[in-house]
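First comes the structure, then the notes that go with it.
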Amino acid sequence: MNIHEYQAKELLQKFGVATPAGKAARTPEEAEQAARELGTTDLVVKAQVHAGGRGKGTFANGFKGGVHLCKSPEEAREIASKMLGQTLVTHQTGAAGRVVNAVLVARSVEIEREIYFAILLDRATGAPMLVASTEGGVEIEAVAEKSPEKILREPVDRLAGIQPYQTRKLARQLGFESAQIKAAAQLFDGLYRTFLALDCSMVEVNPLVVTSPGGTPAVASEASGTGQRPSLHGEVLA
């Protein structure tokens, strides 16, 4: 089952996973109101379709890009008016594209760096495995081929579950320091609880962004997952 980015944000927030504030809108007027409610001039409007490559996509009406930064509610409304009801074509949609019925209006974040994080079932043991890398924002298969030493793996005991020392260890290995370690560990724990509660076989966040100033990790981009029950699946936070 595929779910949109705004739906995934709501799910993740229930498990304490940090995500930038945002709201779905289905009309230009709703987009403007959502931007006003956020109370910031750092805004982003994102087309909600089940496909990757939205930022580099093109709409049938000629409008370029399914992800746009803006500075005011009025600008958010204008951008939404060019997306809603229009067909967005990306490298994943094929020539037919997909119709945009909703946009996400969210607080934009300043990105310091990007990392990769996933929880999956280890085929050999049947137990969860944490997989992470400092090389976020690129295909993990490419990292595995070119720089396998940059991929970190942390097995999780099926009965004991994830332990605090494991999330702290992983945070340090990913370059977090001081207060960042606690924030990163809490985020990893929240993603693990999401993995369990939704009966997933995989939850992947790529990239997991580290915002600046402050260096706080947050899910502000792509997350996906597969599971036995309807869960995170497809590009839901990009």
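The values are calculated or read from the model by the stated rules, or taken from the named source; none is laboratory data. What you see is a predicted model; the values in this text were computed from it and never measured. Neighbour counts are summed over all protein chains in view; Cβ atoms, including those assigned to glycine, are modelled from backbone coordinates with ideal geometry.
Here are some notes:
- Count - residues of region 169-197 that are crowded, with 20+ Cβ neighbours inside 10 Å and either assigned to a loop (DSSP other than H, G, I, E, B) or among the charged types (D, E, K, R) (or both): 2
- Some residue of region 146-167 being at pLDDT below 90 and among the hydrophobic types (A, V, I, L, M, F, W, C): no
- Scanning region 150-168 for residues that are under 23 Å from residue 124 (Cα atoms) and part of a helix (DSSP H, G or I) returns 150, 166, 167.
- The numbered conditions (1) at pLDDT 90 or above; (2) within 21 Å of residue 15 (Cβ to Cβ); (3) not in a helix (DSSP H, G or I) are all true for residue 135 except (2).
- Verdict on residue 32 being crowded, with 18+ Cβ neighbours inside 10 Å, more than 27 Å from residue 137 (Cβ to Cβ) and outside the structural domain of residue 139 (by TED's automatic domain parsing): yes
- Among the residues of region 20-29, the ones that are closer than 20 Å to residue 10 by Cα and surrounded by 17 or more Cβ atoms within 10 Å (Cβ to Cβ) come to 5 in all.
- Filtered by the rule that a residue be acidic (Asp, Glu) and not in a helix (DSSP H, G or I), region 4-62 gives a lone residue, 42.
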